[in-house]
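Have a look at the structure below, then the notes.
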Amino acid sequence: VPSVSYGISIAARNTPLAKGRNVIVAEGQFPSNVYPWRRVCQEAGAELRCVARPEPDREGRVARAWSERILETIDERTAAVALGTVDWTDGTLFDLERIGARARAVGALFVLDGIQSVGAMPFDARRLEPDALVCSGYKWLLGPMGIGVAYFGERLLDGVPLEETWLGREGSEAFHQLTEYRDTYQGGARRFDAGGRAQFILMPMLNAALAQLLEWTPERIQRYCAELVRPFLRDLEEHGFELAPEGETGAHLFAMRPPAELDVTGVQRALEAQQVFISARGRSLRIAPHVYNTPDDMAALVDVLRSESLRRNLLFRARV
Ligand SMILES: Cc1ncc(COP(=O)(O)O)c(C=O)c1O
């Protein structure tokens, strides 16, 4: 598939919807996992339920309560539950096992946008049995933009593709018979391939990236990130940065909330001046390390964040 939105659109288009039925998404999903659902829900008169992120508890935990809310929102009329494998803004982990099981129990499709964790964190499709899992290649799969991968479970395998591609039809390998037009599609998920799937440039790049990831393994990447950041977290907390407790987020993607007096975009600019690049998401800074980051990189991040000059400059700016 060329993108997450393409793969999610396949799932959305093949979700049986009608008035009175509903689709569930977690609040704040990336738009690729919202617009396809909005469209099909509008067309069918179905309800799109957005499950709000709960306020953090006293220890800063939201993951469990958020998953509970999603579980409570699923009912007999739910046609699909669509989530990120982690929340893309701060890496919050969902209880995918329980949510998937509940979706299956009511006959709803379980659809996952895996772009923000697959590759950097273990994901077991056999255990979680999603009906669709979609990842663009260019984030944690370390591939190029414009190509990605999608997995579809049994329940979608007789679905209708978004495009009527010639390679998607059964027997299309036999070029001499292409004009013996067929009504049947290729087996498995290949029916859903976007047109022009023979991507001579992008495909070898993605293949090389996947081979590299298989060598490193998502387990080791995740462990590396956890070991890389752990020694620095206490220091940040001592300087007033709020971090989610361990286990709430992935180690490759997590957020910290600076002390109230610090302006988030100001902090981001100060970091950029030292060649440290992070994302600002609302009131938080999102950190996304990988195996190419070293303890020196983390030290550079922490040095900027705890520097007196950062505080003085930003406090001064705020007063002006
Ligand atoms: C959670 C999530 N989903 C999807 C995307 C990208 O979507 P697409 O592949 O449709 O461009 C991003 C990009 O930042 C993302 O963070």
Completion exercise
Of the conditions (1) in contact (Cβ under 8 Å) with a residue 24 or more places away in the chain; (2) in contact with a strand residue (DSSP E or B) (Cβ under 9 Å, 6 or more places away or on another chain); (3) within 16 Å of the ligand (Cβ to nearest atom), the single one that R49 does not satisfy is (3)
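Before we move on, is G84 small (G, A, S) and within 16 Å of the ligand (Cβ to nearest atom)?
Values: small (G, A, S): yes; within 16 Å of the ligand (Cβ to nearest atom): yes.
The answer is yes for G84.
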Practice task
Answer with yes or no whether A198 is among the small types (G, A, S), part of a strand (DSSP E or B) and either within 16 Å of the ligand (Cβ to nearest atom) or touching a residue at least 12 places away in the same chain (Cβ under 8 Å) (or both).
Solution key: no
Practice task
Evaluate region 60-76: report whether one residue or more is within 16 Å of the ligand (Cβ to nearest atom), surrounded by fewer than 16 Cβ atoms within 10 Å (Cβ to Cβ) and over 28 Å from R191 (Cα atoms).
Solution key: no
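Filter region 27-46 down to the residues that are within 11 Å of the ligand (Cβ to nearest atom) and either of a type in the set (V, I, T) or surrounded by 23 or more Cβ atoms within 10 Å (Cβ to Cβ) (or both), then identify the one that is farthest from F94 (Cα to Cα). Lay out the reasoning, then the answer.
First, pick out the residues of region 27-46 that are within 11 Å of the ligand (Cβ to nearest atom): 28-36.
Going one step further and asking which of them are either of a type in the set (V, I, T) or surrounded by 23 or more Cβ atoms within 10 Å (Cβ to Cβ) (or both), we end up with 33-34, 36.
On the way: N33: 16, V34: 17, P36: 21 Å.
It comes out as P36.
Assess whether A108 counts as being surrounded by 18 or more Cβ atoms within 10 Å (Cβ to Cβ), modelled with pLDDT of 95 or more, within 12 Å of the ligand (Cβ to nearest atom) and farther than 18 Å from Q222 by Cβ. Break it down stepwise before answering.
Numbers: surrounded by 18 or more Cβ atoms within 10 Å (Cβ to Cβ): yes; modelled with pLDDT of 95 or more: yes; within 12 Å of the ligand (Cβ to nearest atom): no; farther than 18 Å from Q222 by Cβ: yes.
No, not satisfied.
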Practice task
Could you look through region 201-237, keep only residues that are touching a residue at least 24 places away in the same chain (Cβ under 8 Å) and acidic (D, E), and pick out the one that is nearest to V264 (Cα to Cα)?
Solution key: D235
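Considering only residues that are closer than 30 Å to L206 by Cα and out of contact with any strand residue (DSSP E or B) (no Cβ under 8 Å at 6 or more places or on another chain), look in region 15-33 and name the one that is modelled with the highest pLDDT.
Taking region 15-33 first, the residues closer than 30 Å to L206 by Cα are 15, 25-26, 28-33.
Going one step further and asking which of them are out of contact with any strand residue (DSSP E or B) (no Cβ under 8 Å at 6 or more places or on another chain), we end up with 28, 31.
Numbers: G28: 94, P31: 97.
Applying the filter and picking the extreme gives P31.
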Handout entry: Meets criteria (more than 16 Å from the ligand (Cβ to nearest atom), more than 19 Å from the chain's Cα centre (by Cα) and modelled with pLDDT under 95) for P56
Key = yes
Problem - Within region 1-23, considering residues that are surrounded by fewer than 24 Cβ atoms within 10 Å (Cβ to Cβ) and free of Cβ contacts under 8 Å to residues at least 60 places away in the same chain, the one nearest to the ligand (Cβ to nearest atom) - result: S5
Completion exercise
Residue hits (region 200-243; surrounded by 13 or more Cβ atoms within 10 Å (Cβ to Cβ), farther than 26 Å from L141 by Cβ and not acidic (D, E)) are F232, L233, L236, H239, G240, F241, L243
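The values are calculated or read from the model by the stated rules, or taken from the named source; none is laboratory data. These numbers were taken from a predicted model, which means no experiment stands behind them. In this analysis, Cβ positions are derived from the backbone assuming ideal geometry, glycine residues included, and neighbour counts consider all displayed protein chains.
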